[in-house]
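What follows is a set of notes on a single structure, which appears directly below.
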Amino acid sequence: MPHQRSILFALGMGAMLLVLGGATDQGGVIWLDHWLESAGALRAEQGSDAAIAFWQWISWSGGGIQRYYIVTAMVVILGAWHHWRSGVALALTAILSNITSGVLKDVFARSRPDIVPHLDFVNSLSFPSGHATNAAAVYFLFAMLVPTARRGWWLVGAATLTIATGWSRIALGVHWPTDVVGGWLLGSAFALAGYAAAQYFEGKAHWQAGQPESS
């Protein structure tokens, strides 16, 4: 069944996340992270103010309370399309993925990059990126739940927003690249799990609606 395949893919991504998290203290990964972060991070005294402001805005939209404003708007849209069960699945996915990201930060206890001065305020540990997690979980799940034949374009849009959000954390110097990849894996796993749940409950509701009333 489709929702069972989604769960299997979600579990696979979860396993990849754990492997990546365990490898972040290995020499090769550390070297690659430092090289990529040095190349991608912006410097306040050298970079364009407009570029810094742009990436700060992208980052701002993917974190804090504002992320839940976006989720609320998506839930309302799905409800307007008569897919309120999918909307509930989206809301729960956003909340649970954020909680899981916070727990994993404490488990892996990875320090933030210190290669350049941070261009955004941070007060938590590093792996995985909560912004990248949220973006992948919310944008991909919404794109998969949109009731339209043009889902491919929605998925392209979701991928664009997810990549931009993740890159903003590297550009602002507050996350290692592998933190972002870990966030994408975690968020995608939750998106697939949320999609499986939405498909199951929407399908169950349609099946029950088609049953004759008992006398």
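The values are calculated or read from the model by the stated rules, or taken from the named source; none is laboratory data. These numbers come from a predicted model, not from an experiment. Positions of Cβ are backbone-derived with ideal geometry, glycine not excepted, and every protein chain shown enters the neighbour counts. Quick note on the areas: whole protein, heavy atoms, side chains included, nothing else; ligands and nucleic acids left out. Shrake-Rupley method; radii C 1.70, N 1.55, O 1.52, S 1.80 Å.
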Evaluation of residue 16 against (1) surrounded by 15 or more Cβ atoms within 10 Å (Cβ to Cβ); (2) farther than 29 Å from residue 93 by Cα; (3) not hydroxyl-bearing (Ser, Thr, Tyr) (one fails), failing number = (2)
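Just for the range 56-70: of the residues that are of a type in the set (Phe, Trp, Tyr) and closer than 21 Å to residue 88 by Cα, which one is most open to solvent (accessible area, probe 1.4 Å)?
Step one: filter the range 56-70 for residues of a type in the set (Phe, Trp, Tyr), giving 57, 60, 68-69.
Next, only the ones that are closer than 21 Å to residue 88 by Cα stay: 68-69.
Numbers: 68: 64, 69: 153 Å².
The selected residue is 69.
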message = For the range 26-50, give me the residue count where each residue is touching a residue at least 60 places away in the same chain (Cβ under 8 Å), surrounded by fewer than 14 Cβ atoms within 10 Å (Cβ to Cβ) and assigned to a loop (DSSP other than H, G, I, E, B).
response = 2
ask   = What about residue 161, is it modelled with pLDDT of 95 or more and open to solvent by 30 Å² or more (accessible area, probe 1.4 Å)?
value = yes
query = Before we move on, is residue 75 more than 14 Å from the chain's Cα centre (by Cα), free of Cβ contacts under 8 Å to residues at least 40 places away in the same chain, closer than 15 Å to residue 190 by Cβ and open to solvent by 40 Å² or more (accessible area, probe 1.4 Å)?
reply = no
note = (1) open to solvent by less than 50 Å² (accessible area, probe 1.4 Å); (2) of a type in the set (S, T, N, Q); (3) under 22 Å from residue 169 (Cβ atoms) all hold for residue 86 apart from (3)
